[in-house]
Amino acid sequence: MMSPAYWTLFVSAFVSSTLFPGGSEIGLIWLARQEGHALPMLLGVATVGNTLGGMTSWGIGRLLAWRYPARGLVKPAHRKALERLQRHGSPILLLSWLPVVGDPLCVAAGWLRIGWWQSLLFIALGKAARYAILLWALA
């Protein structure tokens, strides 16, 4: 059974990866500095929570696509952003960990109907790499 600290990290990571603000990195670093928390477990919990939050944003984008299809975009700036996302495809989701742009990238991927398994893979890889680098920097 997971300790409350891990559940708190999971929830923080999940919320941080939606369109709501959060700071799962602070919680991860704090727990990593405490005794009794295995670094691989912290990495896994934070990555799974953050990835599920990203996929929730992807799902919201998928739902939005039914109501607001891409052909309805008329502003040149929106068209340009759409073209960039389509040109780079799912690998752009490696950047889903970035502040400000990461969460909208996940929404846009769902909205553009980028496959869920490809999105899941690249979102998870990007988020795991970020957390792994943070933990490595603490060592």
Criterion violated by Ala137 - all others in (1) at pLDDT 85 or above; (2) over 16 Å from the mean Cα position of the chain (by Cα); (3) farther than 22 Å from Met41 by Cα; (4) not basic (Lys, Arg) satisfied: (3)
Among the candidates Ile114, Ile92, Ile60, Ile133, single out the residue that is closer than 30 Å to Arg33 by Cα and either free of Cβ contacts under 8 Å to residues at least 60 places away in the same chain or part of a helix (DSSP H, G or I) (or both). Ile133
If you go through the stretch 22-43, how many residues are assigned to a helix (DSSP H, G or I), without any contact (Cβ under 8 Å) to a residue 40 or more places away in the chain and surrounded by 14 or more Cβ atoms within 10 Å (Cβ to Cβ)? 4
Look at the stretch 117-130 and say how many of its residues are free of Cβ contacts under 8 Å to residues at least 60 places away in the same chain and of a type in the set (S, T, N, Q). 1
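The values are calculated or read from the model by the stated rules, or taken from the named source; none is laboratory data. It should be emphasised that the depicted structure is a prediction, and the values quoted were computed from it without experimental measurement. Every residue, glycine among them, receives a Cβ derived from its backbone with ideal geometry; neighbour counts consider all protein chains shown.
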